[in-house]
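Undergrad: The structure follows.
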Amino acid sequence: MKVLVAGGAGFIGSNLTEELLREGHQVVCIDNLSLGNTNNLSALMESPAFIFYEGDICDKNFLAHVFEKEKLDYVFHLAANSDIQASAKNPDVEYRNTYTTTYQILSCMREYGVKKIFFASTSAVYGDKPGELLDENTSRLEPVSYYGAAKLGREALISAFSYMNDLKALIFRFPNVIGPHLTHGVIFDFIKKLKSDPKNLEILGDGNQTKPYIYVEDSVKAILKFMDTDEEKKENVIFYNIGVNTATSVKRIADILCEEMGLANVRYHFTGGTGGWKGDVPRFLYCLDKVHNAGWCAENESDEAVRKTIQIILASKID
């Protein structure tokens, strides 16, 4: 199968690209390298089954050229802003890099007859609903961040295009995904702070913000397991909450990091409040019954995913 990975030089995209090639697919990758990095793909560049385009998915002429030339069978859409705090400062980031990319991809799928798409959505579409068990049929989707709102808008676009053009769409609502090729987030923030001052660590909020962290390899395995949506099902769009059974607090992340860095007696300084920043959802509770009943379960629990990721980042000596 010949597939497009939009955002393929990014965090999840590069990990997915590796596995798709390993499974024998031909992979066409597009990335504007705003968050992605060709270093993530360096081992793949010589593969005859891999083609890389550096370009802007928002540029309809460029994107149409790729679709026309490559004759694609499937689209994996991971091109988006992934830094919630960055878009909190500038919501235009979400409009261009998140919402517009989706419209252009769907328009090209419609024009060139590509019928299958995977889309990486987020738990942020649910909004801040403390104590409520969130499943795929939860009503009142009320995102509190620009990031969550743009993701929800993309889900709506995919739904409409799928119905109007007989597309089959698979949408995963991910929690925090971490692992190899990660570029930002609380782990990076803590490492930078501790390298500057190994005795003190500022922690946003009260440190009790607790979320499920899923290892990227588990996420990729789930994508590959469900990529061929059931043709017999009437639904044009199939949703899955993807996650783990456990969760990790911000304070626990700090504890694990200090252990891995060999730091003792680090004093934590909390800025206060229940959330780290405006638009942050301090905690949420996912129902994973649907995906578990379909035969998938994560191999790494939340603390394990955090520790593995910390070890990888420290070994890479990223500042």
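Undergrad: Looking at 20, 44, can you tell me which residue is at pLDDT 95 or above, in the same structural domain as residue 224 (by TED's automatic domain parsing) and either under 20 Å from residue 108 (Cβ atoms) or in contact with a helix residue (DSSP H, G or I) (Cβ under 7 Å, 6 or more places away or on another chain) (or both)?
TA: 20
Undergrad: Quick check on my filter: what residues within the range 85-110 are free of Cβ contacts under 8 Å to residues at least 12 places away in the same chain and among the charged types (D, E, K, R)? Quick ask: steps written out before the conclusion?
TA: Just the residues of the range 85-110 that are free of Cβ contacts under 8 Å to residues at least 12 places away in the same chain, to begin with: 86, 89-90, 92.
Correct list: 89, 92.
Undergrad: Looking at this structure, is residue 218 assigned to a loop (DSSP other than H, G, I, E, B), assigned by TED's automatic domain parsing to the domain that holds residue 136 and under 26 Å from residue 180 (Cα atoms)? Walk me through how you get there before you give the answer.
TA: Details: assigned to a loop (DSSP other than H, G, I, E, B): no; assigned by TED's automatic domain parsing to the domain that holds residue 136: yes; under 26 Å from residue 180 (Cα atoms): yes.
Answer is no for this residue.
Undergrad: Output the residues belonging to the range 251-306 that are under 18 Å from the mean Cα position of the chain (by Cα), of a type in the set (Gly, Ala, Ser) and crowded, with 20+ Cβ neighbours inside 10 Å.
TA: Residues satisfying the conditions are 298, 302, 305.
Undergrad: Out of all the residues in the range 187-209, which are in contact (Cβ under 8 Å) with a residue 40 or more places away in the chain, within 21 Å of residue 308 (Cβ to Cβ), surrounded by fewer than 18 Cβ atoms within 10 Å (Cβ to Cβ) and not basic (Lys, Arg)?
TA: Within the range 187-209, just 188 meets the criteria.
Undergrad: Do you know which residues across the range 116-140 are of a type in the set (A, V, I, L, M) and surrounded by 16 or more Cβ atoms within 10 Å (Cβ to Cβ)? Can you show your working first?
TA: Pass one, the range 116-140, residues of a type in the set (A, V, I, L, M): 117, 120, 124-125, 133-134.
Selection gives 117, 120, 124, 125, 134.
Undergrad: Here are some residues: 46, 54. Which one is at negative phi and in contact with a Leu (Cβ under 7 Å, 6 or more places away or on another chain)? Before the answer, list the steps.
TA: Details: 46 fails: in contact with a Leu (Cβ under 7 Å, 6 or more places away or on another chain).
The unique qualifying residue is 54.
Undergrad: Mind listing whichever residues of the range 272-319 are aliphatic (A, V, I, L, M), closer than 28 Å to residue 202 by Cβ and not in a loop (DSSP other than H, G, I, E, B)?
TA: Taking the range 272-319 as the starting set, the residues that turn out to be aliphatic (A, V, I, L, M) are 281, 285, 288, 291, 294, 298, 305-306, 310, 312-315, 318.
Pick out the ones that are also closer than 28 Å to residue 202 by Cβ and you get 281, 285, 305-306, 310, 312-315, 318.
Passing the criteria: 285, 305, 306, 310, 312, 313, 314, 315.
Undergrad: Has the range 169-181 got at least one residue that is farther than 24 Å from residue 246 by Cβ, modelled with pLDDT of 95 or more, in the same structural domain as residue 80 (by TED's automatic domain parsing) and not in a loop (DSSP other than H, G, I, E, B)? Spell out how you get there, then give the answer.
TA: Our first condition is that a residue be farther than 24 Å from residue 246 by Cβ; within the range 169-181, this holds for 169-170.
Narrowing further to those that are modelled with pLDDT of 95 or more: 169-170.
When the remaining residues are screened for being in the same structural domain as residue 80 (by TED's automatic domain parsing), the result is 169-170.
With not in a loop (DSSP other than H, G, I, E, B) added as a condition, the list becomes 169-170.
Taking every residue of the range 169-181 in turn, at least one turns out to be farther than 24 Å from residue 246 by Cβ, modelled with pLDDT of 95 or more, in the same structural domain as residue 80 (by TED's automatic domain parsing) and not in a loop (DSSP other than H, G, I, E, B).
Undergrad: Before we move on, is residue 271 hydroxyl-bearing (Ser, Thr, Tyr) and under 18 Å from residue 197 (Cα atoms)?
TA: Values: hydroxyl-bearing (Ser, Thr, Tyr): yes; under 18 Å from residue 197 (Cα atoms): yes.
Criteria met by residue 271.
The values are calculated or read from the model by the stated rules, or taken from the named source; none is laboratory data. Owing to the predicted nature of the structure, the values given are computational and were not obtained by experimental measurement. Note that each Cβ is placed from the backbone with ideal geometry, even for glycine, and that neighbours are counted across all protein chains shown.
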